[in-house]
Structures are given as structure tokens and as C-alpha cells.
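The values are calculated or read from the model by the stated rules, or taken from the named source; none is laboratory data. Not measured: the values here are computed from a predicted model. Glycine gets a Cβ as well: all are built from the backbone with ideal geometry, and neighbour counts include every protein chain shown.
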């Protein structure tokens, strides 16, 4: 589904049609009610705790200063995927328990994406497209840049997934450490730098999909919803210096 930027007008038109159809059958939005959040957290619990057996609280302390995104199947209204966006403007990022971030990433304009979860039958593979995962990432990128004004988006990745994130316009920082918040496995910090908008990514193979292709399946709020909507966890927060 990656589209080369060097194509003829005819093939470009065809590619644009294909990209517009990539998210067909799903809708993507930011949770704006406690019920939205409850449905999003139910997906996270099913994937992380029930399926993968990861010992994490759902919700956790970081949900108090985060927004949650949700993907829904249009035909049924079923909630099928979720992702979290944590802002450093309201407290430390989860990754700061494992990493000492560079000073450039210790600012209020930085957000971290985490707790990415998709229900099994909506994941890529066995004839299914990657539309759900790509739709959530596109929603996150647009929400971060256009709604909350984030200058950088960080994500922690295991080595085997770094290539996936670079495909999604993230760039490795070389900062690595065991990620204690999950399983203690070695992770690396990757970042999408939005200080100059999307121009630095104009030659990226996914630029057309993320930035130039209209995606009516994605609905963004005019203003950010309240942080921590519908969560009640009171665990203490501590950040690395």
C-alpha cells in the first residue's frame, strides 16, 4: 500500500482512489465521553491483559493526563481498536520511567503514543488490510499537529518493530533502554518532529496517505477533549530528571 511519489497522472489518480478506500468500513475519532473511554479501555484490557498476559493496570496513572483514540467498525458500531496520546504538558510521559529523554523531548509540546491495541479479527493478515492500524496512526498524527499543537510525537518500540514505525514517518533517536512499564524488553525511542509541520516528510513514501489524501473516516474535534476523561486511577506519577 506504499505509494511511490514518482508515478504518472493516471497511476497517481488510481493510487489516490486506493488510498481513500484503505480506511473503508471503519471510523476513527478521539474519545469525547466517559462511555467512549470505557469502550476504549475494554479493548486495551482484552488485548494486553487477557490475550497477551501483560501485567498492567487498566486504566493506569498516565490515563489521567492522556487522550484516547478509538476505531469503530461502521457496519456494527463495534469498538475494535484504541491508542493513547499522553501529553507532557500535564505530567511525565510513561517512557520517562525507563528512559532519560534528551532535553529537546522534555518540553510541554511533546506527546507520547502508547497502548496501541486492535482486536484480533481486525488486524492485518489473512486477507485483511492494515486499514485499522494506519487509520489510527493517521488520526493520531493529525490530532497531535492540528488540534493540540504538539511539536514532537514519541513512541517506544522493540527492535523488531522499529522498521514499522519508520515506515509510519517516525525516526529512530538511538536512545535505548529496558522498558520497565511493560515487559522489561529493550526498547528504542522514535520521534516524529512536527516543529516544521509536515514538510520534512514530503519525500516519505507514506506522505501522500497521511497528509494529502482526504480521509472522511477520521473525525477530529475542534478543541481537545478533557484530559483523563472517564478515568479514576490515583497511582502516583514520577518522572526522570
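Quick one: which of 154, 162 is surrounded by 15 or more Cβ atoms within 10 Å (Cβ to Cβ) and part of a strand (DSSP E or B)? 154 is the lone residue from the list that is surrounded by 15 or more Cβ atoms within 10 Å (Cβ to Cβ) and part of a strand (DSSP E or B). Of the residues making up segment 207-219, those that are within 19 Å of residue 166 (Cα to Cα) and crowded, with 19+ Cβ neighbours inside 10 Å are 208, 209, 210. Tally the residues that are touching a strand residue (DSSP E or B) at 6+ places or on another chain (Cβ under 7 Å) and either closer than 20 Å to residue 88 by Cβ or at pLDDT 95 or above (or both), restricting the search to segment 28-62. Total satisfying the criteria: 12. Within segment 117-134, the set of residues being in a strand (DSSP E or B) and within 20 Å of residue 29 (Cβ to Cβ) comprises 117, 118. Within segment 56-76, can you find the residues that are assigned to a strand (DSSP E or B) and more than 26 Å from residue 108 (Cβ to Cβ)? Correct list: 71, 72, 73. May I ask you to verify whether residue 137 is assigned to a helix (DSSP H, G or I), out of contact with any strand residue (DSSP E or B) (no Cβ under 7 Å at 6 or more places or on another chain) and either in contact (Cβ under 8 Å) with a residue 60 or more places away in the chain or closer than 22 Å to residue 72 by Cβ (or both)? Yes; evaluated as a whole, the condition is true for this residue. Answer with yes or no whether residue 88 is in contact with a strand residue (DSSP E or B) (Cβ under 9 Å, 6 or more places away or on another chain), surrounded by fewer than 24 Cβ atoms within 10 Å (Cβ to Cβ), modelled with pLDDT of 95 or more and closer than 19 Å to residue 192 by Cβ. Yes.
Within segment 171-193, none of the residues are assigned to a loop (DSSP other than H, G, I, E, B), touching a helix residue (DSSP H, G or I) at 6+ places or on another chain (Cβ under 7 Å), closer than 13 Å to residue 141 by Cβ and touching a residue at least 40 places away in the same chain (Cβ under 8 Å).
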